1. Please tell me if Val56 is surrounded by fewer than 11 Cβ atoms within 10 Å (Cβ to Cβ) and on the phi < 0 side of the Ramachandran plot.
2. Restricting to region 1-12, name every residue that is under 19 Å from Lys65 (Cα atoms) and acidic (Asp, Glu).
3. Find all pairs meeting these conditions: Cβ atoms under 6 angstrom apart; at least six residues apart or on different chains; first residue within region 16-36 and within 21 Å of Ser62 (Cβ to Cβ); second residue of a type in the set (Val, Ile, Thr) and surrounded by 12 or more Cβ atoms within 10 Å (Cβ to Cβ).
4. Only residues that are of a type in the set (Lys, Arg) and under 20 Å from Glu67 (Cβ atoms): list them for region 13-57, please.
5. Among the listed residues Thr49, Thr35, identify the single one that is polar (S, T, N, Q), assigned to a helix (DSSP H, G or I) and surrounded by 12 or more Cβ atoms within 10 Å (Cβ to Cβ).
6. Identify, from the list Arg51, Arg40, Arg22, the residue that is modelled with pLDDT of 95 or more and either out of contact with any Pro (no Cβ under 9 Å at 6 or more places or on another chain) or of a type in the set (Ser, Thr, Tyr) (or both).
7. Say whether the condition of being loosely packed, with under 11 Cβ neighbours inside 10 Å and either assigned to a helix (DSSP H, G or I) or among the aromatic types (Phe, Trp, Tyr) (or both) is met by at least one residue in region 6-27.
Amino acid sequence: MEFEEAAVEKIVRIHLDFIKSRGEKGQSAMTFLATFEKWRQDEPNVLGTLRAEHSVIEALASAMKAEIERMEEES
């Protein structure tokens with residue numbers, strides 16, 4: 001099971017909102033991934049789980065880097 005690009009983008013956006021609002025808005029992607037792991041724990045397709053989580057983490061890292069660069073330019 002892999003996430004669609006739109007779903008990954010939504011998870012990333014919600015996580016960035018969570019970080020920038022100091023936890024007042026959005027939700028941590030880590031919370032989402034922990035819930036996803038519990039939901040998938042009985043699933044025999046470990047490779048699919050790894051691919052799904054990797055896509056989220058990779059997109060999140062890229063978005064966080066872009067946000068850091070944007071904030072550094074502003075300061």
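1. Spelling it out, it is not the case that Val56 is surrounded by fewer than 11 Cβ atoms within 10 Å (Cβ to Cβ) and on the phi < 0 side of the Ramachandran plot.
2. Passing the criteria: Glu5, Glu9.
3. Gly26/Ile14; Gln27/Ile14; Ala29/Ile11; Phe32/Ile11
4. Arg13, Lys20, Arg22, Lys25
5. Being polar (S, T, N, Q), assigned to a helix (DSSP H, G or I) and surrounded by 12 or more Cβ atoms within 10 Å (Cβ to Cβ) holds for just one of Thr49, Thr35, which is Thr49.
6. Among Arg51, Arg40, Arg22, only Arg22 is modelled with pLDDT of 95 or more and either out of contact with any Pro (no Cβ under 9 Å at 6 or more places or on another chain) or of a type in the set (Ser, Thr, Tyr) (or both).
7. Within region 6-27, one or more residues are loosely packed, with under 11 Cβ neighbours inside 10 Å and either assigned to a helix (DSSP H, G or I) or among the aromatic types (Phe, Trp, Tyr) (or both).
The values are calculated or read from the model by the stated rules, or taken from the named source; none is laboratory data. Owing to the predicted nature of the structure, the values given are computational and were not obtained by experimental measurement. Virtual Cβ from ideal backbone geometry, glycine too; neighbours counted across all protein chains shown.
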